[in-house]
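Below is one structure, written out as structure tokens; the observations come after it.
The values are calculated or read from the model by the stated rules, or taken from the named source; none is laboratory data. Keep in mind that what you see is a predicted model, and the values were worked out from it rather than measured. Cβ coordinates were reconstructed from backbone atoms using ideal geometry, including for glycine residues, and neighbour counts include every protein chain displayed.
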């Protein structure tokens, strides 16, 4: 079976690394406090977390609704569900936390079940995100809350960030951005999801009749500067190292598949690969010398709406 026909297995390998590493520091604690007030969370609520993975959303929001509350994490991976159950014993106190294997397109709950239904980086990976959102709305009670935490990774890739690697020629910068745009089309064609999904979620919510639709932008920035003090800096540094050095071949092959599926040609991919390999070597030298610097931010949104009464 071709790679582009396989479903992502989040329980191991590259994908599990992402699942763990990217969620360790995904939100500032004071930002979560503000979001909990914005969402109107109160103790005793019943929550459903779709595509819960290791239960990160349950963990970060439990202090705001978990006392006498109920949390149901749903994921298609039995391995992740089992691990989430074990870790929940440490944080899910004073209420009930359960984890269930299930399909985002057919949630194992009756209509009007939960006070709020949430997801994080789920819709971005789905071939049919509207169908999953419709299911989330179905299981929410009338007046219930829908929360979608989703990124606009395409805009992040197209933005100009600062780093210590050499400045590229304008033509090279334009080529990279062309690659990103075509790859996003290719990913959609391959059924791998849409890297710009966050921009479309509010419109999808409106289409399904949700009210009180609002969005907040995550205020997390990525800043690396030697000597990389603190766990946050070390986490970012290791994530970049994994992607650029340890997992380079995996990601380059994935880019090639998506670029060609989006209508790109091999000559442009070859030029992209030359640029990437050149930067990879310079990054390796800077990483080993402890000289790499980067300052960047992403477009990651918390988007909410309410099911009509």
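Only one of the numbered conditions (1) within 30 Å of residue 309 (Cβ to Cβ); (2) part of a helix (DSSP H, G or I) is violated by residue 173, and that is (1).
Taken over the stretch 264-300, the criterion of being free of Cβ contacts under 8 Å to residues at least 24 places away in the same chain and either under 17 Å from residue 182 (Cα atoms) or surrounded by fewer than 14 Cβ atoms within 10 Å (Cβ to Cβ) (or both) is satisfied by 265, 266, 267, 270, 273, 274, 277, 281, 285, 288, 289. When residue 201 is tested against the conditions (1) surrounded by 18 or more Cβ atoms within 10 Å (Cβ to Cβ); (2) within 30 Å of residue 265 (Cβ to Cβ), the lone failure is (2). Tell me which residues, restricted to the stretch 146-170, are in a strand (DSSP E or B) and touching a helix residue (DSSP H, G or I) at 6+ places or on another chain (Cβ under 6 Å). Residues satisfying the conditions are 146, 148, 150, 151.
Any idea which of 127, 67, 86 is over 22 Å from residue 44 (Cβ atoms) and not in a helix (DSSP H, G or I)?
The conditions single out 127.
Please tell me if residue 176 is over 30 Å from residue 134 (Cα atoms), touching a residue at least 60 places away in the same chain (Cβ under 8 Å) and surrounded by 15 or more Cβ atoms within 10 Å (Cβ to Cβ). Here the answer is yes, as residue 176 does meet what is asked.
Evaluation of residue 79 against the conditions (1) surrounded by fewer than 22 Cβ atoms within 10 Å (Cβ to Cβ); (2) in a helix (DSSP H, G or I); (3) in contact with a strand residue (DSSP E or B) (Cβ under 8 Å, 6 or more places away or on another chain) shows that the sole unmet condition is (3).
Taking the conditions exactly as written (over 27 Å from residue 169 (Cβ atoms), in contact with a helix residue (DSSP H, G or I) (Cβ under 8 Å, 6 or more places away or on another chain), in contact (Cβ under 8 Å) with a residue 40 or more places away in the chain and part of a helix (DSSP H, G or I)), does residue 215 satisfy them or not? Criteria not met by residue 215. Here residue 268 does not qualify as within 23 Å of residue 292 (Cα to Cα), more than 24 Å from the chain's Cα centre (by Cα) and outside the structural domain of residue 121 (by TED's automatic domain parsing).
Just wondering, is there one or more residues in the stretch 99-106 that are in contact with a strand residue (DSSP E or B) (Cβ under 6 Å, 6 or more places away or on another chain), assigned by TED's automatic domain parsing to the domain that holds residue 215 and in a loop (DSSP other than H, G, I, E, B)? So far as the stretch 99-106 goes, yes, one or more of its residues are in contact with a strand residue (DSSP E or B) (Cβ under 6 Å, 6 or more places away or on another chain), assigned by TED's automatic domain parsing to the domain that holds residue 215 and in a loop (DSSP other than H, G, I, E, B). Filter the stretch 111-131 for residues that are surrounded by fewer than 22 Cβ atoms within 10 Å (Cβ to Cβ) and either touching a helix residue (DSSP H, G or I) at 6+ places or on another chain (Cβ under 7 Å) or over 23 Å from residue 206 (Cα atoms) (or both) and give the result. The answer is 111, 113, 126, 130. Taken over the stretch 261-276, the criterion of being closer than 23 Å to residue 170 by Cα, touching a helix residue (DSSP H, G or I) at 6+ places or on another chain (Cβ under 8 Å) and assigned to a helix (DSSP H, G or I) is satisfied by 266, 268, 269, 271, 272, 273, 275, 276.
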